[in-house]
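To start, the structure itself, in structure tokens.
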Amino acid sequence: MFAWTKDGAPAEHPEPWGMTGAFTTLRRFPSGHLPFLDDHLDRLLDSANRTGLNWLPTPEKLSYRLEEFIANQSQSFDALIRICLFDSLLGISSRPALSDGNPVKGRFLEYRRPDPLTKSTAEAQLYGRLGELDVATEDWILLDPEEGNLGESATSNLIFASGKELLIPDKHVLQGIVLSKLIPFLEAEYSVSRGSPGKEDLPHFDEIILCGTGRGVAPMNTLPELAWTSGNKEVFQKTRSHYEELVEA
């Protein structure tokens, strides 16, 4: 972990969850490739601005510190790199990328994001609880406590598939960068609608697909609390193929 004050002095990286701040997570492939880097930095600065932080670094400063951080990492390190902005502090950390493409077991968590457009480190009730899971193969599936609908997971957007018909939640969710890049392909090949299914709707779907930086595109195998299991992999396989084309571009 590395951190710097707004004046550039080295500092201790704090535990982020519960602090006022914003973050984004990048995927760094062993080749050094950082897909969608500009989108991530734009999202980070937008979230920090929405959070009302007293200080925002320039994109150039963010890029400089990211390059400095990467220069101190193993060149073959396949990693997820998290960049955090707090009041007067920039922090960067990394962890191994272990969840890419892995089948996922979902577990329900009643939760609604306070501001769906902001990636906020203050959400300790969400991100702090990821430590309860084997994140490589498990994820929290968020159940809106007021409306009872499913929107996203703690790490990813969700696509609900029934044959050639896809349902993508868009209410009280943060549309991630990976999903945004995939939507043109999905709309060209499937009938795509927007909406948030309830638990009672799940038997209608034979696939649930997760899209996010850490998971890439991954299939949900099961939601044990509702006895739901995947009955197909066709949409996942095609969507995964498009994702691999995008990140290799």
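The values are calculated or read from the model by the stated rules, or taken from the named source; none is laboratory data. Note that the structure is a prediction, hence the values are computed from the model and not measured. Cβ atoms come from the backbone with ideal geometry, glycine included; neighbour counts cover every protein chain shown. We work out accessible area using only protein heavy atoms, side chains counted, and drop any ligands, DNA or RNA first. Shrake-Rupley method; radii C 1.70, N 1.55, O 1.52, S 1.80 Å.
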Within the set of pairs 6 or more residues apart or between chains, which connect a residue that is without any contact (Cβ under 8 Å) to a residue 12 or more places away in the chain and open to solvent by less than 10 Å² (accessible area, probe 1.4 Å) inside segment 104-121 to a residue that is of a type in the set (A, V, I, L, M) and part of a strand (DSSP E or B) with Cβ atoms less than 7 Å apart? none
Looking at segment 162-191, which of the residues that are at pLDDT below 95 and of a type in the set (A, V, I, L, M, F, W, C) is surrounded by the fewest Cβ atoms within 10 Å (Cβ to Cβ)? Leu174
Per the filter on segment 85-105, residues assigned to a strand (DSSP E or B) and within 16 Å of Arg28 (Cβ to Cβ) are Ile92, Ser93, Ser94, Arg95, Pro96
Of the residues in segment 126-161, those that are among the polar types (S, T, N, Q) and either open to solvent by less than 30 Å² (accessible area, probe 1.4 Å) or under 16 Å from the mean Cα position of the chain (by Cα) (or both) come to Thr137, Ser153, Thr155, Ser156, Asn157
Looking at Gly32, Gly52, which one is open to solvent by less than 60 Å² (accessible area, probe 1.4 Å) and touching a helix residue (DSSP H, G or I) at 6+ places or on another chain (Cβ under 8 Å)? Gly32
